[in-house]
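Here's the structure, in structure tokens; my notes come after.
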Amino acid sequence: MRRIRAAAVGAVTLSLALAATACGGGSSTDGGSNDSPKTLTYWASNQGASVAVDKKVLQPELDKFEKQTGIKVKLEVVPWSDLLNRILTATTSGQGPDVLNIGNSWSASLQATGGLLSWDEKNFARIGGKERFSETALGSTGVQGKDPAAIPLYSMAYALYYNKKIFADAGISKPPATWDELVADGKKIRAKGKSVLGAEGSNVSENIHHVFVFAKQHGADFFTADGKPDFTNPKVVEAVKSYVDLMAEDKVIPAGDAEYAQNQSVSDFAKGKQAMLLWQSAAANLKSQGMSEDAYGVAPVPVISGTPGPGTQVNSAFMGINIAVFKNTHNLDGATKFVKFMTSDAEQKVLNTAYSSIPPVRTAQDDPAFNTPATAVLKDTLAKSAAVLPQVPSESQFETVVGTAVKELFADAAAGRAVTTDSVKAKLEKAQQQMPAA
């Protein structure tokens, strides 16, 4: 999922505790579900460089839907910093939209609230059938073995974006395939007076995505096979330390990036201030900030050694956006028609092209728009070397507490405080203590 996703653990816990009461109806006056069969409310996630960009992308498509069906869609684009808490409040109060976007990694947590419509065989039939969607994308729609709580809308993967001119000026002929190569390239880039790798140290969401991948590369998981937190596993500690050490020890991430939040590293890269960027499906964002596609290259995220692939050569989380329907909608027919519209081949091509993401709908992936050199890297990563974030009910709390621990470790590194195995373990132990009891 894209952008920052900060959430209060208390709100998550409250939502789980009150899920059984989340069965009231919304009203058209409070921004929630409404009784009119000719109106829907839709919370869209902020996918573009700004809320204004998203409105420009989405409104023509919503107008198209209204022309086809007679159903007007009231759009609100919700920033990532607010989205999860808004959803959790809606699930506890019963006052939510009819349709909403969610980060795919939240699916299991929101499924546990009981507030979202389950997509059983009957509901899938309303939108053309389950077989239309990529099996891997469906793996991020809820707990395995249960009917999905949401439908895949946009699929995304992390890639390494690199500035061709900065590389050429530093005498570097190809992008790094391993972290050791990236650190070595960093020395050459710094010698030319440029910053090396952008990061967003205060962006909890970005932190969790990167340390999840580092853990996979170290052969570790944050949860045991039965879903219990295992944050202090020595390999997890080693993985988190190796990511923070890109700033603390290797000096490839600038100390100032410890304070960076949403989109700041993308902006620096687009302006030529940094040589490399780890980001998910960044082409549309970079274009909107004035960076020409000819100015940068796209490569797989580095791994510890060898070529990205299955197992410990994972180089991205399987990122994406799902679209969900609130169970308490009074316009189920209109809501499912809207999901069918948004996941139609035609709309999948329009929307995923606009956001430089990959359609999770199989037949839409064949469009030439998704066969460019840049998208080829993303498609290959999604098919071969991306791992699904833990689909456990406490996933959203995991993102918050571990992402915050990494934020604090970056702050230590930026301030010149030692980042040691013991200090990393202490932060992760504190994070694990904040997880809800099973």
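Conditions tested, residue by residue: (1) open to solvent by less than 20 Å² (accessible area, probe 1.4 Å); (2) touching a residue at least 60 places away in the same chain (Cβ under 8 Å); (3) touching a helix residue (DSSP H, G or I) at 6+ places or on another chain (Cβ under 7 Å); (4) within 23 Å of LYS349 (Cβ to Cβ).
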residue: GLY129; (1), (2), (3), (4): yes, no, no, yes
residue: THR141; (1), (2), (3), (4): yes, yes, yes, yes
residue: GLY145; (1), (2), (3), (4): no, no, no, no
residue: PRO152; (1), (2), (3), (4): yes, yes, yes, yes
residue: ALA157; (1), (2), (3), (4): yes, yes, yes, yes
residue: TYR161; (1), (2), (3), (4): yes, yes, yes, no
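For the range 363-370, the criterion of a residue being surrounded by fewer than 19 Cβ atoms within 10 Å (Cβ to Cβ), within 30 Å of HIS218 (Cβ to Cβ), touching a residue at least 60 places away in the same chain (Cβ under 8 Å) and more than 16 Å from the chain's Cα centre (by Cα) is satisfied by no position.
In this structure, is VAL51 open to solvent by 40 Å² or more (accessible area, probe 1.4 Å), β-branched (Val, Ile, Thr), at pLDDT below 95 and under 27 Å from GLU200 (Cα atoms)? Break it down into steps so the answer makes sense when it comes.
Details: open to solvent by 40 Å² or more (accessible area, probe 1.4 Å): yes; β-branched (Val, Ile, Thr): yes; at pLDDT below 95: yes; under 27 Å from GLU200 (Cα atoms): yes.
When the stated conditions are applied, VAL51 passes them.
Examine the range 284-299 for a residue that is at pLDDT below 95, of a type outside the set (Gly, Ala, Ser) and over 23 Å from LYS165 (Cβ atoms), and state whether such a residue exists. There is no residue in the range 284-299 that is at pLDDT below 95, of a type outside the set (Gly, Ala, Ser) and over 23 Å from LYS165 (Cβ atoms). When HIS210 is tested against the conditions (1) open to solvent by 50 Å² or more (accessible area, probe 1.4 Å); (2) in contact (Cβ under 8 Å) with a residue 40 or more places away in the chain, the lone failure is (1). For THR353, the conditions (1) open to solvent by 50 Å² or more (accessible area, probe 1.4 Å); (2) on the phi < 0 side of the Ramachandran plot; (3) assigned to a loop (DSSP other than H, G, I, E, B) are fulfilled apart from (3).
In the range 189-201, the residues that are more than 20 Å from TYR260 (Cα to Cα) form Cβ pairs under 8 Å with partners that are in a helix (DSSP H, G or I) and open to solvent by 40 Å² or more (accessible area, probe 1.4 Å), at six or more places apart or across chains, as follows: LYS192/ASP169. Within the range 201-218, restricting attention to residues that are assigned to a loop (DSSP other than H, G, I, E, B) and modelled with pLDDT under 95, the residue that is nearest to the chain's Cα centre (by Cα) is ASN203. Selection of the range 302-320 for residues being within 20 Å of PRO175 (Cβ to Cβ) and not aliphatic (A, V, I, L, M) yields PRO302, SER305, GLY306, THR307, PRO308, GLY309, GLN313, ASN315, SER316.
Quick one: in the range 105-115, of everything that is in contact with a helix residue (DSSP H, G or I) (Cβ under 7 Å, 6 or more places away or on another chain) and open to solvent by 10 Å² or more (accessible area, probe 1.4 Å), which residue is nearest to LEU389 (Cα to Cα)? Walk me through how you get there before you give the answer.
Residues of the range 105-115 that are in contact with a helix residue (DSSP H, G or I) (Cβ under 7 Å, 6 or more places away or on another chain), as a first pass: 105-106, 108-110, 112-115.
Keeping just the survivors that are open to solvent by 10 Å² or more (accessible area, probe 1.4 Å) gives 112, 114.
Numbers: ALA112: 16, GLY114: 21 Å.
Looking at the filtered set, the residue picked out is ALA112.
Hey, among ALA284, ALA258, ALA275, which residue is small (Gly, Ala, Ser), in a helix (DSSP H, G or I) and either more than 29 Å from SER140 (Cα to Cα) or open to solvent by 50 Å² or more (accessible area, probe 1.4 Å) (or both)? Can you show your working first?
On the way: ALA284 fails: either more than 29 Å from SER140 (Cα to Cα) or open to solvent by 50 Å² or more (accessible area, probe 1.4 Å) (or both); ALA275 fails: in a helix (DSSP H, G or I).
Result: ALA258 is the single residue among ALA284, ALA258, ALA275 that is small (Gly, Ala, Ser), in a helix (DSSP H, G or I) and either more than 29 Å from SER140 (Cα to Cα) or open to solvent by 50 Å² or more (accessible area, probe 1.4 Å) (or both).
Does LYS273 satisfy being free of Cβ contacts under 8 Å to residues at least 24 places away in the same chain and not polar (S, T, N, Q)? The answer is no for LYS273. Scanning the range 399-422 for residues that are buried (at least 19 other Cβ atoms within 10 Å of the Cβ) and either outside any helix (DSSP H, G or I) or of a type outside the set (D, E, K, R) (or both) yields THR400, VAL401, VAL402, GLY403, THR404, ALA405, VAL406, LEU409, PHE410, ALA413, VAL419.
For ASP30, indicate whether it is at negative phi and at pLDDT 90 or above. Even if it seems obvious, please write down each step before you answer.
Numbers: at negative phi: yes; at pLDDT 90 or above: no.
In short, no.
So which of PRO359, PRO390 ends up being in contact with a strand residue (DSSP E or B) (Cβ under 6 Å, 6 or more places away or on another chain) and either open to solvent by 20 Å² or more (accessible area, probe 1.4 Å) or more than 30 Å from LEU246 (Cα to Cα) (or both)? Step through it out loud before you land on a result.
On the way: PRO359 fails: in contact with a strand residue (DSSP E or B) (Cβ under 6 Å, 6 or more places away or on another chain).
Result: PRO390 is the single residue among PRO359, PRO390 that is in contact with a strand residue (DSSP E or B) (Cβ under 6 Å, 6 or more places away or on another chain) and either open to solvent by 20 Å² or more (accessible area, probe 1.4 Å) or more than 30 Å from LEU246 (Cα to Cα) (or both).
When the residues of the range 58-75 are filtered to those that are closer than 23 Å to ASN263 by Cβ and touching a helix residue (DSSP H, G or I) at 6+ places or on another chain (Cβ under 9 Å), the one that is least open to solvent (accessible area, probe 1.4 Å) is LEU58. Among residues of the range 81-101 that are within 19 Å of GLY334 (Cα to Cα), those with a beta-carbon under 7 Å from a residue that is part of a helix (DSSP H, G or I) and among the aliphatic types (A, V, I, L, M) at least six positions away or on a different chain give the pairs GLY96/ALA90; ASP98/ALA335; VAL99/ALA335; VAL99/VAL339; LEU100/ILE87.
In the range 308-335, of all residues being among the hydroxyl-bearing types (Ser, Thr, Tyr) and crowded, with 20+ Cβ neighbours inside 10 Å, the one that is modelled with the highest pLDDT corresponds to SER316. For the range 190-204, name all the residues that are out of contact with any helix residue (DSSP H, G or I) (no Cβ under 6 Å at 6 or more places or on another chain), surrounded by fewer than 24 Cβ atoms within 10 Å (Cβ to Cβ) and of a type outside the set (Lys, Arg). ALA191, GLY193, SER195, listed by residue number.
The values are calculated or read from the model by the stated rules, or taken from the named source; none is laboratory data. In this text, all values refer to a predicted model and were calculated from it rather than measured experimentally. Counting neighbours? That spans all protein chains shown, and the Cβs are built from the backbone with ideal geometry, glycine included. What goes into the accessible areas is simple: the full protein's heavy atoms, side chains included, and nothing from ligands, DNA or RNA. Shrake-Rupley method; radii C 1.70, N 1.55, O 1.52, S 1.80 Å.
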